[in-house]
Protein chains: 2
Amino acid sequence: MSPTNAPAGAVRQGSLRELNLALVLGRIAAADRPPSRADLATATGLTRATVSAVVEDLLAGQLVDEADPAPRAGAGRPARGLVLADQGPAGLGLEINVDYLAVCVVDLAGQVRHRTVHRADLRPVAPTEALARLVAMAGQARADAARQGLTLAGAALAVPGLVDGAGLVRLAPNLGWHDVPVPALLAGHPPLTEQVPGVPALVVDNEANLAALGELHSRPPGPASFLHISGEVGIGAGIVLNGALFRGVRGWSGEIGHLPVHPQGRPCRCGGQGCLEQYAGQEAIVAAAGLARAELPADTATARLAELAEAGDAGALRALHDAGTALGVAVAGVVNLLDLDTVVLGGGYAPLAPWLCPPVLAEIAGRVLTAAWSPVTVRPATLGAEAAAVGAAGSVVRQIVARPAGWLARSG
Amino acid sequence: MSPTNAPAGAVRQGSLRELNLALVLGRIAAADRPPSRADLATATGLTRATVSAVVEDLLAGQLVDEADPAPRAGAGRPARGLVLADQGPAGLGLEINVDYLAVCVVDLAGQVRHRTVHRADLRPVAPTEALARLVAMAGQARADAARQGLTLAGAALAVPGLVDGAGLVRLAPNLGWHDVPVPALLAGHPPLTEQVPGVPALVVDNEANLAALGELHSRPPGPASFLHISGEVGIGAGIVLNGALFRGVRGWSGEIGHLPVHPQGRPCRCGGQGCLEQYAGQEAIVAAAGLARAELPADTATARLAELAEAGDAGALRALHDAGTALGVAVAGVVNLLDLDTVVLGGGYAPLAPWLCPPVLAEIAGRVLTAAWSPVTVRPATLGAEAAAVGAAGSVVRQIVARPAGWLARSG
DNA sequence: CACTATTTGTTCAACGATTGAATTATTTGC
DNA sequence: GCAAATAATTCAATCGTTGAACAAATAGTG
């Protein structure tokens, strides 16, 4: 691709070490087997001397550990493998959703080291109260992390709504939130994490964005481009391009639920007509399947739908087929526009993927010009429930791996 | 690419200078007034000593020139302004389209220093012959560039079709091209440009992509995200995200013409139904306006349409309104998905923009959730005809500005 | 068991680029 | 004519990488 990297900033002496710290640590994170210093030297193009010096810094900063050497055939001094440290920095992930609060801690290697979920209907709960509960859960998570030798270096909060760059939740319709300034509301509470240079104390982001990041994290590392669709009451999408989340000019990308699929069709609460949400949103599917509307909790409605489809219920099957077709029309447009090779069905769509994938694939095959040469994969998400919380925590450790100098420069 | 087979990412001593060369040159290119060395030092964060050393390299390499100092109030030794050199490297832009061949030369500052257009119907012409004509035109361009003290450092070719990463034109339906290996066909001809490390000899890309790059180049520099729509017989789009063209996983992004706007609507030659092209493509508009189909040359058909609309012809106005509405449905989807703040109407749409913009804006207002907070601008392209050729040439000089070390490392 | 080949990791002088302070250059204002 | 002010260069010091030499540790071989 075109290397049009915008002038980021001055490159001074120290930047050199910063960049090589990130380079080496990134290789260790991306490797499937613990690499030796010599492996890293050949992989990065640096000399072994430099790699040794860099690794020494990483070891001292508790970012990597030496592991048992991978057995190797042939002569020679045995290598000492390097792995991401299982004690050291970790990320705190928070999630507020319609019917649960979730908190988790993810370590450098991407392992979930702590997880708490409180199920409760959050719609009648005021934002202040919801955040207070979350802070309490986060405090326990921090203590548990400390017990395991982990230091929380930053936090990210997933919210099912539109969030601007400053953490202001503009609109979270299904929560009933409107212009909630999350950072200001948290100012009264003690800090959730340590302060680490270069790592923001709290990032607030859209649930769909963070779930997509979680999916990115669970894949083999490297530049990936895919669309992650979270099918909840609303339909949101996280767009990962070349291994990075694309947030849009204002941070409001991914509103796939309001892609027009029948421009003169059903009116939508967004003011438009024929939005995807009206045909493939959870309420639409449930209604089309003839399920009682009383089954409000999203989980049970989805589960019931999957049960019925499994049992061969004609109404459920037809509802899922129609929803999948509408979804496929939208996805085909996105693939035509962005030339993605993978579409991930997450959130409430994941358990319904066996019935949604075929019609989606059919629409892609019929509508995408380039599908013949570069096939498009449609698959369910690998992360299960609370994917956004895991993705949120993962986004923190991802930042540390991408810029370890900040962590190393901290006082401790 | 570059002869140094060092794995990408290794940051060695020399990289430091490479990065700072790019940093300083980028600032000079982005400045609206010729900056002094001292200005650059404060802007980049480097010391004046370093900036002086870097600028010395740039001056020696004919990338920048010293200009008359900008008059400044107050005491002190007058600054010496730095501007991009008007002699030195330049980019060669080539374009093959349905009814013309175009060649142009763009210098570092983005000025078009040479331009040739040969009008002819290229559909009955074999690819080999078309390329041969282009090579002849390029030869003259090179000579003219040399007369002006310019050295062609690389070339880019715009084609109205799908191009893969290796320069193979998979499909150019309106030219009748199918699997045309452009680099192989050019192998027999003498090289179009000098060989410069780090600058590919010839890039073949989609016309819409390169036209979008041209538009990016003509804007105030900096990270921009916009959608550039080229309305020709087909409808293509170039997607610029954060100042870089997004090409997609396989390089086939931007097929906006096949976004479904009426999923059960008119059949499209792509195999799908209700594609945008069937409602907002040039042929569709012309047919809806009741114009004789015989007016084949695209330019005249568009011009005639604009004339009729100007004169208040009801049929033309209705046709344009309907096309704009269809376009608006597609654009609303894209904006919902990507959160772009600007949509540029280029190609055949540019002269029709006065009539297309209102319905497009109306659809955006009605369908985009976030439009209330972040307004979306819809405007005609600033570059006129042969925008793709200019964009192609501009993409070459852009690469040199982004990575000047390659140019400086050349033999000369 | 000694010896060689082989691979890993470290040590160290040299080198290259940036830095910061001092110095030179050039103009305005008094 | 002189001081103040700003621009640009010079130069020793510093920091990180380099390349080669060296030490460490193991398998294979006789």
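The values are calculated or read from the model by the stated rules, or taken from the named source; none is laboratory data. From a predicted model like this one, the values you see are computed outputs, not experimental measurements. Note that each Cβ is placed from the backbone with ideal geometry, even for glycine, and that neighbours are counted across all protein chains shown. We work out accessible area using only protein heavy atoms, side chains counted, and drop any ligands, DNA or RNA first. Shrake-Rupley method; radii C 1.70, N 1.55, O 1.52, S 1.80 Å.
Taking the label point 7 Å along Cα→Cβ, B:His189 and its counterparts in the other copies are spaced 6.5 nm apart, in ascending order. Would you please state the base-10 log of I(q)/I(0) at q = 0.13, 0.29 1/Å for the range B:79-142, with intensities from the Debye formula using one equal scatterer on every alpha carbon? These q points yield log10 I(q)/I(0) values of -0.42, -1.20. Counting, for every residue in A:161-173, the Cβ atoms of other protein chains within 10 Å of its Cβ and taking the mean gives 1. Take the accessible area of chain A alone and of chain B alone, subtract that of the pair, and you get about 5700 Å² summed over both chains, using a 1.4 Å probe.
Its convex hull of Cα atoms gives the range A:13-84 a direction-averaged projected area, equal to a quarter of the hull surface, of 4.8 nm². Sorted shortest first, the separations between the A:Ala372 label point and its copies elsewhere in the assembly read 4.6 nm; each point sits 7 Å from Cα along the Cα-to-Cβ line.
Fraction of C-alpha pairs exceeding 26 angstrom in the range B:1-160: 46 percent, rounded to a whole number.
A:Arg318 label point (Cα plus 7 Å toward Cβ) to equivalent points in the other copies: 3.8 nm, shortest first. Put simply, the protein assembly as shown fits an ellipsoid with semi-axes of 43, 39, 24 Å; these come from the alpha carbon gyration tensor as the roots of five times its eigenvalues, largest first.
Computed with a 1.4 Å probe over protein heavy atoms only, the accessible area of B:Arg133 comes to about 90 Å². Rg of the Cα atoms in chain B, relative to 2.2 N^0.38 Å, amounts to 1.05.
On the range A:220-381, 56 percent of the accessible area sits on carbon and sulfur atoms, based on a 1.4 Å probe.
According to the Kirkwood relation over distinct C-alpha pairs, the hydrodynamic radius of the range A:171-288 is 16.5 Å.
By the Cα gyration tensor, the range A:220-381 has an equivalent ellipsoid whose semi-axes, rounded to whole angstrom, run 25, 18, 16 from largest to smallest. Once you reduce the range B:219-260 and the range B:90-146 to the center of their Cα atoms, the two points are 23 Å from each other. Would you tally the net charge around B:Ala41, using a Cβ to Cβ cut-off of less than 13 Å, leaving B:Ala41 out, and scoring K and R as +1, D and E as -1? Cβ neighbours under 13 Å give a net charge of +3. Of the peptides A:223-230, B:359-366, A:385-392, A:55-62, the order by per-residue mean of other Cβ atoms within 10 Å, starting with the highest, comes out as A:385-392, A:223-230, B:359-366, A:55-62. With protein chains left intact and a 1.4 Å probe, residues in the protein assembly as shown average 40 Å² of accessible area per residue.
Comparing the full protein assembly with the isolated chain (1.4 Å probe, heavy atoms, ligands and nucleic acids excluded), the residues of the range B:396-410 losing at least 10 square angstrom of accessible area are B:Arg398, B:Gln399, B:Ala402, B:Arg403. Once you reduce the range A:11-60 and the range A:359-412 to the center of their Cα atoms, the two points are 25 Å from each other.
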